[in-house]
Amino acid sequence: MKKLLLIAVLFSTGLLQAQEELAQNTIKALLTSNQSQVIQLAEAFPEDTYDWRPTEGVNSVREALLHVAGGNYFLASKLGFAPPEDVDMMTIDQITGKDNIIATLKRSNEFVLDKITMVEDGTLNEEVDFGFMKSNKLGGLLAIMEHNGEHKGQLIAYARSNGVVPPWSN
């Protein structure tokens, strides 16, 4: 009987630990996939198409990629995680060169993925003013994922318009 009770306690403890950071880990997994596909698109675009834009007044490929990078830092900062000291949010949109842009995007991806699991379960319902919306921290984490997904879709359309096939659809 004691063994059965011990097994039950250990099993329930394991279930509780598996529930910790459930939202953060789920968002992190989905975001990792989105980010990977955005990087694949960034790598698939020829460098001479980085300044292409579908029409005047709309972000170019370069601007869209850097917007995603900046958005990662901005949203994480509203959750309490300042960008690294060597990241200048005021000039991130001025970065040029395919390799530099991809490196900037990858770095911001790693940063935001690291910070997602630092948001503690007990704080997920705390209100945050993101400037464009007020939400709780869980909403902020979802906004990070949605923002990346939105611009992945934009970049897929840009790719198709330029004869670039998204690598994962081959």
Whether any residue in region 84-98 is surrounded by 18 or more Cβ atoms within 10 Å (Cβ to Cβ), touching a residue at least 24 places away in the same chain (Cβ under 8 Å), part of a helix (DSSP H, G or I) and out of contact with any Gly (no Cβ under 7 Å at 6 or more places or on another chain) is what I want to check. yes
Region 111-124, residues that are in contact with a Phe, Trp or Tyr (Cβ under 9 Å, 6 or more places away or on another chain) and assigned to a helix (DSSP H, G or I): Phe111, Val112, Asp114, Lys115
In region 131-170, what residues are over 15 Å from Leu75 (Cα atoms), part of a helix (DSSP H, G or I), open to solvent by 60 Å² or more (accessible area, probe 1.4 Å) and touching a residue at least 12 places away in the same chain (Cβ under 8 Å)? Ser161, Trp168
Region 117-130, residues that are closer than 10 Å to Leu75 by Cβ and either exposed (fewer than 12 other Cβ atoms within 10 Å of the Cβ) or among the aliphatic types (A, V, I, L, M) (or both): Val128
Could you count how many residues in region 27-51 are closer than 17 Å to Asn100 by Cα and touching a Ser or Thr at 6+ places or on another chain (Cβ under 8 Å)? 2
Taking region 52-83, which residues are open to solvent by 50 Å² or more (accessible area, probe 1.4 Å) and either assigned to a helix (DSSP H, G or I) or touching a Lys or Arg at 6+ places or on another chain (Cβ under 6 Å) (or both)? Glu63, His67, Phe74, Lys78
Any hit, region 100-110, residues being touching a residue at least 60 places away in the same chain (Cβ under 8 Å), open to solvent by less than 50 Å² (accessible area, probe 1.4 Å) and either farther than 16 Å from Val38 by Cα or in a loop (DSSP other than H, G, I, E, B) (or both): no
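The values are calculated or read from the model by the stated rules, or taken from the named source; none is laboratory data. This structure is a prediction, so every number in the text was calculated from the model and none was measured. When we count neighbours, we look across all protein chains shown, and the Cβ atoms used for this are built from the backbone with ideal geometry, even at glycine. To get the accessible areas, we keep the full protein, side chains included, count just its heavy atoms, and leave off ligands, DNA and RNA. Shrake-Rupley method; radii C 1.70, N 1.55, O 1.52, S 1.80 Å.
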